[in-house]
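Shown next, in structure tokens, is the structure this report addresses.
The values are calculated or read from the model by the stated rules, or taken from the named source; none is laboratory data. Everything numeric in this text was worked out from a predicted model, so none of it was measured. Note that we place each Cβ from the backbone using ideal geometry, even for glycine, and neighbour counts take in every protein chain shown.
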Amino acid sequence: MLALRNVLRRKARSLFAVLQIAVAIAAFVSIVGVTQGLRAQFYRISQVFAFDLIVLARGAASPLFSAVSYEEAEAARQVPGVKAVSLLGIHLVRPPGMAQPVTIMAVEPDGEMLRFFPIVEGRGLREGDGEHIVIGRLMAEQLGLGVGGTLAIDERSRLEVVGLFDTPVVKDVPFLGGQALMPLSHLREAYRRLPNILICHTEPGRTARTPDEVREGLDRGEALAPSIGEAIPRLHARTIEGFLDSFKQQAALIDSFALAISFLAALVSAIGVTNTMLMSVFDRTREIGLLRAIGWSRLRIVAMIEAEGALLATAGGLLGLPIGLLLIEASKLLIQLGWLSVTLDPLLYLRAVGFAALLGLLGALYPAVRAAYLQPTEALRYE
């Protein structure tokens, strides 16, 4: 109670210290929440495609830089153990007036991939479709599109929406519902491009539902991958786990960047707490001298100042949680189509508040030691 009373004696100063901590915690919660959300989406994809092999051009740094020919797809189909193949093209466009690109996946209208995107309104893709697309329900909601509408690709090209799809098989992967599908033939004819990815299915139509099934599918894919590489040396086949592992370096870079931002915010917040508590010690020099004169030990003085710092920081941590959530919601206005997915668990909240309390303790350490070593006689004469 004494620490709370001391903090409330200087409300404005304490409020600014709380806000500094709140900003640091808001940055921590929003950044970590978003990165965890993206990781959760990719993990869900690894479950769905556990019985499939992802095949790219050997050495391609990204699927966008890969190209697979139709002849290579046919050669892969002949490999023992491959039950079916799917070709997939990735076309990124930024329609006029939009701040972020839209992903259009080019698929075969009668291919295996379409089972992941069942039509819920309108019709699906058909052979012979040209400037026609089906879009995810999330894209339809966020872009205000529906069956019969058009998606402007650029100033001259417009694609007609003929259907809406949902993603119940991969319902925990929002960004798939924020994409569109067009016929693979249109990618070839209109844009003169080959597909980017070849998917070899070892069990068409099967989705892993348990960890044991995921392991079974991955083991089967790892055994089959060398055979595909031998049949088509230009291509490199990997399980979905291996494919996602190839992005670990980029993910580590993002994590390092997030850590650097959080550390900088934490450093500024700790300095703010130090300044607040140091000013408090200066203002209460006579009071602290009196406490020492009546018998308070140095340890008790340190404990009192540290408690005040921890109280300020904990209040900032609790305030930073809702601010972080508000930052995420505001960011969703700029980053749409499911790419900004957030995973927040109770452990993250506890870590954030604990981190805030630690900042308070560290920030109050120097002022606490300074207060403890004030000489009572000098402190009582302080004006």
Filtering the stretch 99-119 down to residues that are surrounded by fewer than 14 Cβ atoms within 10 Å (Cβ to Cβ) and of a type in the set (A, V, I, L, M, F, W, C) yields 99
Residues being surrounded by 22 or more Cβ atoms within 10 Å (Cβ to Cβ) and assigned by TED's automatic domain parsing to the domain that holds residue 353: count how many of those fall in the stretch 34-56. 1
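For residue 318, are the conditions met, namely being at pLDDT 85 or above, out of contact with any Leu (no Cβ under 9 Å at 6 or more places or on another chain), among the aliphatic types (A, V, I, L, M) and under 30 Å from residue 41 (Cα atoms)?
yes
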Single condition residue 46 does not satisfy, out of (1) more than 25 Å from the chain's Cα centre (by Cα); (2) part of a helix (DSSP H, G or I); (3) in contact (Cβ under 8 Å) with a residue 12 or more places away in the chain: (1)
Which one of the conditions (1) over 23 Å from residue 45 (Cβ atoms); (2) of a type in the set (Gly, Ala, Ser); (3) surrounded by fewer than 20 Cβ atoms within 10 Å (Cβ to Cβ) does residue 242 fail to meet, given that it meets all the rest? (1)
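Pick from 261, 294, 305, 271: which is surrounded by 17 or more Cβ atoms within 10 Å (Cβ to Cβ) and of a type in the set (A, V, I, L, M, F, W, C)?
Details: 261 fails: surrounded by 17 or more Cβ atoms within 10 Å (Cβ to Cβ); 294 fails: surrounded by 17 or more Cβ atoms within 10 Å (Cβ to Cβ); 271 fails: surrounded by 17 or more Cβ atoms within 10 Å (Cβ to Cβ).
The conditions single out 305.
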Leading residue by the ranking (nearest to residue 179 (Cα to Cα)) among those in the stretch 80-94 that are surrounded by fewer than 16 Cβ atoms within 10 Å (Cβ to Cβ) and within 25 Å of the chain's Cα centre (by Cα): 92
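Out of the stretch 175-234, which residues are in a helix (DSSP H, G or I) and hydroxyl-bearing (Ser, Thr, Tyr)? Let's see the steps before the verdict.
Looking only at the stretch 175-234, we keep the residues that are in a helix (DSSP H, G or I), and these are 175-178, 184-191, 211-231.
185, 191, 227, listed by residue number.
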Just checking, which of 382, 349, 366 is assigned to a helix (DSSP H, G or I) and at pLDDT below 80? 349
